[in-house]
1. Applying the Karplus parametrisation 6.51 cos²θ - 1.76 cosθ + 1.60 with θ = phi - 60° to the phi angles of the stretch 583-589, what ³J(HN,Hα) value in whole Hz is obtained for each residue in order, glycine and proline being reported as x?
2. Could you tally the net charge around residue 319, taking each other residue with its Cβ under 10 Å from the Cβ of residue 319, Lys/Arg +1 and Asp/Glu -1?
3. By average Cβ neighbour count within 10 Å, what is the ranking of 545-555, 596-606 from highest down?
4. DSSP loop (so not H, G, I, E, B), at most 16 other Cβ within 10 Å: list which GluC sites (Glu not before Pro) in the stretch 225-303 pass both filters.
5. When you have a sec, figure out the Kirkwood radius of the stretch 537-582 from all distinct Cα pair distances and drop it here in Å to one decimal?
6. With only Lys, Arg, Asp and Glu charged, each at its Cβ (+1 for the first two, -1 for the last two), find how big the charge dipole of the stretch 233-392 is about the Cα centre; round to the nearest 20 debye.
7. So what are the stretch 462-612's ellipsoid semi-axes, whole angstrom, largest first, if each one is the square root of 5 times an eigenvalue of the alpha-carbon gyration tensor?
8. Sorted from largest to smallest, which semi-axis lengths in Å does the alpha carbon gyration tensor of the stretch 252-350 give for its equivalent ellipsoid, taking the root of 5 times each eigenvalue?
Amino acid sequence: MADRQDPFAAFFDMQGEMMREMFGRFVPEAQQPGAIEQWAETAEQLRAMWLDFTEERLAKGPDPANPFDPAQWALLAQGWANAAPAPDPAAAQKLVTEGLQVWQGVAQAMLGAAPDGESAEPDLPRKDRRFADPAWQEHPAYLLLHQTYLMLADYVVHSAKSVRGVPDEQRAQLEFATRTLLEAMSPDNFLATNPVVLRRTIETGGQNLVRGMRHLIDDLRRGQLTHTDSGAFALGENIATTPGKVVYETPLYQLIQYSPSTEQVLAVPLVIFPPWINRFYILDLTPKKSFIKWAVDQGLSVFVVSWKSADASMKDVTWDDYVRAQVDAIDHVRARLDVPAVHTIGYCVAGTTLAATLAVLARRGEAEKVRSATFFTAQVDFEKAGELLNFVGDRQIEMIGKLAPEGYLDGRYLAATFNALRSRDLIWNYVVSNYLLGEDYPAFDLLHWNGDVTNLPAAWHVAYLRDLYRDNKLVVPNALVADGTPVDLTRIQTPAYIQAGREDHIAPAESVWRATRHFRGDTTFVLAGSGHIAGVVNPPAANKYQHWTGDSAAGSLEEFIEGASEHAGSWWPHWLAWLEAHDPARVPAKGKRKPGGKGDRVIEDAPGRYVKTR
C-alpha cells in the first residue's frame, strides 16, 4: 500500500506541471529586457493600492451598513440549517462511475488519440458555461479539476435534497446554502485555478490584476458589487426621459403625470404603483424599452408613483402608510381629472399592497374607485414563494433590526440578497470579469437600474417578511389590519389582470397564480416568458419571448399551461385590449390631461427628485 501513488498528490503534481507548462509558453517573452521590472512594478502597484485602502478604512472605522463586511453575512448565515446530509448510496455509486469516466477522458486527452483512431476530444459527463473556454480542456489538470468540481457539486446538492428527518423548509434552506457555498468554491473564481485568468495575467504583465484591484477597492468603498459603468447613465438625460411633471407629493411619494402624445386619451386614467424596493424607472428605461412611454403612446393618461428612499425620518413607516399612500394617490388622480375611477397597476411588492388596498376599499364600500387592477409579478399567497423563503427565519428577521440602527435598512443589503439568489450570474460572474480579468464595465441600462438601490423602512420590512412571507397571513381573511380596516381578499370584485413570469425566481409563477384562488371578481391570468424583470419589460417592437393565455379558472398552474395557447412576443397588446374592453371611451387630451398647462401648478419636471435621493 505504501508504494501506491496518492491520487491527490498525483493531481497536484499534474497541476504543478501544468503551471510550469503554461508559464513556460510565455518564458521567451517574460525574459525580454524589462520584463522582471514590469512584474515588480505590477506587484508594487497592487501592494500600494491595498495598503492605501486599508489605511483609509482604519481611519474611517467599520461601516455597519456595508454588505461587503463578511461578519454581517456570517450573522445572516447563522439562520440557515447546519445539518449534514446523509450520503445517498445511489448518488455515491454514480459519483464513482462518472469519476472513472472523467479519468478515462483525461487519459484519452493525454494520449492524444482515442483507441479507435477517432478524435481525441475527451468524453465529459458534465458541461457548464463557466468552463466553456478551450483553456479548461487544453491541459488535463484543468480538465480534471473542473469536471471533478462539477461532479462533487452535483453529488453534494443531491445529498442536501435527499436529507431525511428535517422539515421541508429546513431542507430547502440546506439546499440553498449548499448551492451558494458550492458556487463560491468554483475553481473559475480563483486566480491559481482559472487558466483563462492565468493566460490574461501573463499576456498583460499582471495589469488585469491591477485594474481588478481598482475595481475591488471601489466596490469595497461603495459596499456594493458593480455590474455596469455607473457614469454611462443619467436620470432625465438618457434614462427615465418620458416627458411629464410631478403634480403632487407627500413625505412618502411623488406623483408623476406624463404628458399625452395623442389627441385622444382613454377616459379612465392609469395609476402605476412600482415597488419601493427599487426605483420606478424600470418601467421607463430607454424610450424603446419604456412601458410608460408605450402606454402614453397608446392613448393612456399615465400617472406613476415615485417612492422616497427611506431615511431616519421614516423609521416609523409601516405597511399601513403604503396602503394609505395608494388610496391617496387614487383619490388625488380622481379629483385632479374629475373622474369617478382609475385603472391601477401594482408591480411586485406594490402589487401585493394593491391587493390589500382593494380589500380595504371593498370593506369600506369604495371599491368603485378602481375600475380595474393589473398585477405585475405580484404575490398574495406566499406558501410557494421560492428561495426568498430562505431569508425569513426568526434569526434573519431579528438581524434586520441589528442592521438598521437608525430605523431603515440600507438598500445594499437587499441588493446583495437578490444577487445571492442567482450568485453564479450576479456575483461570481462579475468577480471573474471585474476583479480577475480586469475588464471594463459595460454600459447596460438594466444593470444600472439594478444597482441603483433604495433603502427600506425597517419596521415595514420586518412586518412584511414576518406576516406575509413567513406566516402567510394575507390570504387568511381578517388576519391582518391595514389602516384600521381588516383585510379580506375574498371581498375583491375588481376585474384583475394577473401577469407572471415563467422563469421568475423572485415571485415564482406558481405563487403568483394563486391570486386567482383568492380574488372573487373576474380574473385574467397571463404567463409571460422570461423572469421578474424581462418578463415584464418586454416591448412589442423587440419581438422577444412569448406569452401564454388560457383558462384563468383552471384548477392549477399546471392545468392552465396544459390548455394554454402560446403567442409570440410581448403580452402588452393583450393587456391593452383587456383594459380597453372595460371602458373604451376616449376624451380629448386637454386641460389637466396635459400637466403643466396654463393655470396648472406643478412641482417639477419628471422624473422628479425623489428618484434621485440616496
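The values are calculated or read from the model by the stated rules, or taken from the named source; none is laboratory data. A quick note: this is a predicted structure, and the numbers were derived from the prediction, not measured. Please note: Cβ atoms are built from the backbone with ideal geometry, for glycine as well, and neighbour counts cover all protein chains shown. Ligands, DNA and RNA are excluded from the accessible area calculation, which covers all protein heavy atoms including side chains. Shrake-Rupley method; radii C 1.70, N 1.55, O 1.52, S 1.80 Å.
1. 3J(HN,Hα) across the stretch 583-589, in whole Hz: 5, x, 4, 10, 9, x, 8.
2. -3
3. With the highest mean Cβ count within 10 Å placed first, the list reads 545-555, 596-606.
4. 237, 263
5. Numbers: mean 1/r = 0.0861 Å⁻¹.
11.6 Å is the Kirkwood radius here.
6. The calculated dipole for the stretch 233-392 is roughly 180 debye.
7. Working: eigenvalues 178, 124, 64 Å².
In descending order, the three semi-axes are 30, 25, 18 Å.
8. 24, 17, 10
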